[in-house]
Amino acid sequence: MAMKHLEIETILEDYERDGVALVRGFLSPEEAGKIREELDRYVREDLASKPVDARTLEVDEITVRNLWRLEAHNEFFREFGAREDLRALIRPLVKGEPVLAGVETFNKPARIGSGVPPHQDNAYFCQTPPDMLTVWIAIDAVTEANGPVTYVKGSHRLGPLPTKPSGVRGNSIGLAEMPEVGEGDSFIALLEPGDATIHHCDTIHYSAPNTTDHPRLGFLLVFRGSHTTTDPRLKATYSAAAAATPPA
């Protein structure tokens, strides 16, 4: 990953305007392949020895839906999140020194990958000011059919919206009501392996289930600015939803 100054300026412009920026070729196919290999190895060899909340399973109680806190459980992913080229990109977006807050996956396995309800990430992150984001990297091709993420452009400017428990394991809190979305305001992220989106923690987004024969693995890195702090009101609301529907 090596971006020219102009590309970083364009990413920042798109991110500030829309709350989401598309970055083609964020990783090379070789880098995306190495991530897949290490994720496969981690699930096969390490996951059983990790705490139960290191993953969320699909409804079959076998297939992995999400991997959580990979930066705490795996040196490869911890080092990936510390890359200086990555931090240089993130720094202006979070308006300060980047802090790696999480490395995780949304696996969306073939045929049984569950959907994600409309939500804002800061309902989970609970940070103030909301200078926090997610880098969403496609490891598999993301098509219209296998559960792409849809972002509502400009919704990060709405601030925190009312929430309700969703009852969805791994996504326990969602919007109480979806705001009206104008024509052209939805961005469906169709990606090739190595492509990425970067979205603000208040940008509304969601995805449909994957009923196809093609998996849709997403690898996510979450960063906040070092100046953010936890909002106790948001944290209490999230904790109640997570207690009602634990991730594991």
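Relative contact order (percent) for the range 5-244, with alpha-carbon contacts under 8 angstrom and 6 or more residues of separation?
Answer for the range 5-244 is 32 percent.
Taking square-rooted eigenvalues a ≥ b ≥ c of the alpha carbon gyration tensor, is the range 148-248 rounded, prolate or oblate, where a/c under 1.5 means rounded and, failing that, a/b exceeding b/c means prolate?
The shape class here is rounded.
Let me know the Kirkwood hydrodynamic radius for the chain, please, with Cα pairs as the basis and the value in Å to one decimal.
18.2 Å
Using amide H atoms built in the peptide plane, which far-off residues or other-chain residues are under 5 Å from R55 H to H?
W68
To the nearest Å, what is the center-to-center distance of the range 25-53 and the range 138-207, using C-alpha atoms only?
The two parts, judged by their Cα centres, are 23 Å apart.
Coordinate-derived values only; no laboratory data. Everything numeric in this text was worked out from a predicted model, so none of it was measured.
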